[in-house]
Amino acid sequence: MGAVWHYGITDSRKNTKGSGTGRGAFMIEDFYRLEPYELEKEKKQQLLMKELMELTEFHRKNCMEYSKLLNALGYRKDAVKKIEDIPFYPVRMFKEYELLSVSRKEIFKTMTSSGTTGQAVSKIFVDKDTAMIQQKVMIKILSDYWGKKRLPMLIIDSPSVVKDRKTFSARGAAIIGLNIVSRDTVYVLNEDMSLNLDKLKAFLEKYKGQRFIMFGFTFIVWQHFYQELFHSKEKFDLSEGFLMTGGGWKRLESESVDRMEFKKCFQELCGITHFLDHYAMVEQTGCIYAECEYGHLHASIYSDVIIRNYKDFSACEIGKKGIIQVVSVLPHSYPGHSLLTEDEGVILGEDDCPCGRKGKYIKVIGRMKSAELRGCSDTYADKFR
């Protein structure tokens, strides 16, 4: 197992043609064979530590801004004894700088974070290697929840959100990322965000009696899907659907719609019993923290969560609230492998969730009070204030 993780670090001294980055193509096949939640703490930490250290060195050598940060912090590789010791990069820095660890000619696509009018947005530059592994990991994680078979997918959004295939918003990037797990994708909202009942009827008729996926950002799902279904004279059976949502809870909870009420409403109106909320960010696309049947958000073997103390940024123990730091082995073309978010949360436990999945499981409390509103669904919801 000690030789499982290889991102081509042994090729970093070679100028191999076709590798694009000089660090070599991703060689993650052995690691990819592992199930996303099968490793317990000790083995997972061992593997994460090895790869995160290699990524830290790679980005230090190839991204000037990241190197400056490490120098300012007095970073010494030999002083790192555990994952918590690896420096984190404030996620806000992606709004201030264009951060790359590869040449611009190798950029395959650029993704942007959500933001209200006047806000700066993060730009995330992705090469083909990074895009490929993000897709693989996304499939691997989601397959653990709804199976390995590709399913038809109903996107609760407008197709306009993915029109520009080279520059994606976080909302569009999430949808495009999910397309790879779908065998037929249908957008059920019109350009003006109204519900297209004819498309919904046709989709349900075509896949009658079959499992399918529904995906949308939480506030959009509530505002433009649930509300219109609720006021429609027709009734729809969505009991075979698996509803995947993300973000937007702050606005809904202000309207007295929490997670339990949200699920209850959908179950009573159209029979949905399979829900999959998730926590994710454009700066670490692919490594989503998906909700199990007990309502816990799980870190897979490709990522981990550290909760930082508000005052001194020390690592918090399980059960203590603080600032969420996320680490991921996927960011290759930009230094996004260790990020301090602007979200608050708490680690609920590790390796002992009743669902049987190993690793840490967390609760996301929401945005820090002084942080900008930036989540896809929350940003969209802000238009309705």
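Listed here are the residues, each with its yes/no results for (1) touching a helix residue (DSSP H, G or I) at 6+ places or on another chain (Cβ under 7 Å); (2) among the polar types (S, T, N, Q); (3) touching a residue at least 24 places away in the same chain (Cβ under 8 Å).
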| site | (1), (2), (3) |
| --- | --- |
| W222 | yes, no, yes |
| Y226 | yes, no, yes |
| K233 | no, no, no |
| S239 | no, yes, yes |
| S254 | no, yes, no |
| M260 | no, no, no |
| L269 | yes, no, yes |
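May I ask you to list the residues in the stretch 251-283 that are assigned to a helix (DSSP H, G or I), out of contact with any Ser or Thr (no Cβ under 8 Å at 6 or more places or on another chain) and under 30 Å from A131 (Cβ atoms)?
Within the stretch 251-283, no residue meets the criteria.
Scanning for something part of a loop (DSSP other than H, G, I, E, B) and modelled with pLDDT under 85, does the stretch 150-164 turn up at least one residue? Working first, answer last.
Of all residues in the stretch 150-164, those part of a loop (DSSP other than H, G, I, E, B) come to 150, 156-158, 163-164.
Going one step further and asking which of them are modelled with pLDDT under 85, we end up with 163-164.
Among the residues of the stretch 150-164, at least one is part of a loop (DSSP other than H, G, I, E, B) and modelled with pLDDT under 85, which makes the answer yes.
Pull up the stretch 190-201, narrow it to residues that are of a type in the set (A, V, I, L, M) and not in a strand (DSSP E or B), then point me to the one that is most open to solvent (accessible area, probe 1.4 Å).
Of the residues in the stretch 190-201, the ones of a type in the set (A, V, I, L, M) are 193, 195, 197, 200.
If we keep only those that are not in a strand (DSSP E or B) too, we end up with 193, 197, 200.
Working: M193: 21, L197: 52, L200: 0 Å².
Going through the qualifying residues, I end up with L197.
Count, please, the residues in the stretch 180-189 that happen to be open to solvent by 50 Å² or more (accessible area, probe 1.4 Å) and without any contact (Cβ under 8 Å) to a residue 40 or more places away in the chain.
Step one: of the stretch 180-189, the residues open to solvent by 50 Å² or more (accessible area, probe 1.4 Å) are 180, 183.
From what's left, without any contact (Cβ under 8 Å) to a residue 40 or more places away in the chain: 183.
Qualifying residue count, the stretch 180-189: 1.
The values are calculated or read from the model by the stated rules, or taken from the named source; none is laboratory data. Given the structure is predicted, the values throughout are model-derived calculations rather than measurements. Glycine also receives a Cβ, built like all others from the backbone with ideal geometry; neighbour counts cover every protein chain displayed. What goes into the accessible areas is simple: the full protein's heavy atoms, side chains included, and nothing from ligands, DNA or RNA. Shrake-Rupley method; radii C 1.70, N 1.55, O 1.52, S 1.80 Å.
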